[in-house]
Each structure stands twice: as structure tokens, then as C-alpha cells.
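Asks: Here it is: the structure, laid out below.
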Ligand code: G3P
């Protein structure tokens, strides 16, 4: 399963890219706002670090404005136009924008997906990616991973090429469960990547190897 990092923090993105574990980045207005930097400037910097799909979300709520926002945004960084993915909120206007952007050969990621029916609509509108939110469904007492499974099953049976991004990932178990189901991609906050690489027995093991080696060297 491919991993994207779900952050707009360039230091985190650089560390994840250096480890070689990610091949894309997703951002959203909340993550961009947290960085307190110019939107285009951040996305441009991210695109310079990761040579893969970088999701940048529109703010507009009307289709023509979404399309305009997307095209203006991409025009600011023509060198990265193949990597920029326009993230659209799931709604009627978002689907219209998805259809128009797809016709213009601009890739989209339809986000805020909370049902398989929504995922089918987004795929039909031409979305390159759909992002069902696992953690936020868990938060309201609904099994988020069951949605990933349902969408994957439908896309497989129907031969739909839209890639599924498990989003709103909160812990390593979400990641491994999504992988086991066969989900295409999980977009993972940087702290979850750190949780994934941390195991107390690994740390103890490294310490023990070094101690034994020191004792051997002294002989
Ligand atoms: O990229 C959007 C999504 O991952 C949000 O996650 O933790 O705010 O539900 P969260």
C-alpha cells in the first residue's frame, strides 16, 4: 500500500521523504492554516520535496469558482502541474468541478467521503482519488474501516480505476488494517509515521547489540 503524508509542515514532509516511506502528500485548509504561511508558497515547497501527487484543496463552494481557483493555483507553479491534485469537497458543486477539471486533464481528489454511494458518484465524475475519512467515522461510533472495505469491494467488482485514499488516519492500526483490506493509499499524519516506526523492543535490541559489541571490543 502506498503511503502519503497528511501534513503541510515541510520539516515533517522532508523527514518522511528522507526515510523513503511516502510517495505523496495531502493537505487541507486546516493543515495549511496551522502553518500560517502562504498557501501556494507551501505547496510549491512541498512539490519540490516530493515527486508525487500533492493534494491542494479549494476553498470555493461553487463549481465555476472551484475550477477557477484550481486553474489559477496551478498556473502559479507550471513546473509542478503534473503533481498537483485538486482536492474538492464532496457535494454537488464539487462533483461538477470534478467533471470539468477531469475534462481539462487536471487530477482531483474528492474528499470528505462518508459513504460508499458518495465514493461511486465521485468516481463517476472522474475523480483520480477519493478520500473516505476513517477516524471521523470512528469518532461518531461508525466503523470507518468498514467503509474502506466496502468502497474497495465495489471498485474492484466494477473495475473502477479511481484510487482510494484512507484518510483521517489516527493510529498505526488504521494503517495496517487499510493495507490488509487492499486499500490503494493511506494518508498518514507524521506523528502516526513515528508511532509506526517505534517499538520498545527494537530500541532495547539496538541498545543490547551495542553493549555486547562494546564488551567484545574491549577483550
Ligand atoms: O486530510 C484530511 C484528513 O486526513 C483529516 O484527518 O484527523 O482531521 O480527521 P482528521
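Asks: Collect the residues in the range 17-28 that are within 10 Å of the ligand (Cβ to nearest atom) and either part of a loop (DSSP other than H, G, I, E, B) or without any contact (Cβ under 8 Å) to a residue 24 or more places away in the chain (or both), keeping them in residue-number order.
Replies: Once the filter is applied, which keeps residues that are within 10 Å of the ligand (Cβ to nearest atom) and either part of a loop (DSSP other than H, G, I, E, B) or without any contact (Cβ under 8 Å) to a residue 24 or more places away in the chain (or both), the range 17-28 yields 27, 28.
Asks: Right, another one. Please give the number of the condition residue 31 fails out of (1) within 18 Å of residue 191 (Cβ to Cβ); (2) part of a loop (DSSP other than H, G, I, E, B); (3) at pLDDT below 95.
Replies: (2) is the only condition that residue 31 fails.
Asks: From the set of residues in the range 103-119 that are in a helix (DSSP H, G or I) and more than 19 Å from the chain's Cα centre (by Cα), which is nearest to the ligand (Cβ to nearest atom)?
Replies: The qualifying residue nearest to the ligand (Cβ to nearest atom) is 117.
Asks: So which helices (runs of 4 or more DSSP H) are wholly in the range 125-219 and hold at least 1 residues that are on the phi < 0 side of the Ramachandran plot and more than 16 Å from the ligand (Cβ to nearest atom)?
Replies: 144-158, 172-181, 190-197, 200-218
Asks: Would you say residue 44 is farther than 22 Å from residue 108 by Cβ and either free of Cβ contacts under 8 Å to residues at least 60 places away in the same chain or away from the ligand (no atom under 16 Å from the Cβ) (or both)?
Replies: Here the answer is no, as residue 44 does not meet what is asked.
Asks: Determine whether residue 44 is farther than 24 Å from residue 155 by Cβ, surrounded by 16 or more Cβ atoms within 10 Å (Cβ to Cβ) and under 19 Å from the mean Cα position of the chain (by Cα).
Replies: In short, yes.
Asks: Considering the range 1-16 alone, what residues qualify as being touching a residue at least 40 places away in the same chain (Cβ under 8 Å), within 14 Å of the ligand (Cβ to nearest atom) and either out of contact with any strand residue (DSSP E or B) (no Cβ under 9 Å at 6 or more places or on another chain) or assigned to a loop (DSSP other than H, G, I, E, B) (or both)?
Replies: Across the range 1-16, the qualifying residues are 7, 9.
The values are calculated or read from the model by the stated rules, or taken from the named source; none is laboratory data. Bear in mind the structure is a predicted one, so any value in this text is a computation, not a measurement. All Cβ positions, glycine included, derive from the backbone under ideal geometry; neighbour counts span all protein chains shown.
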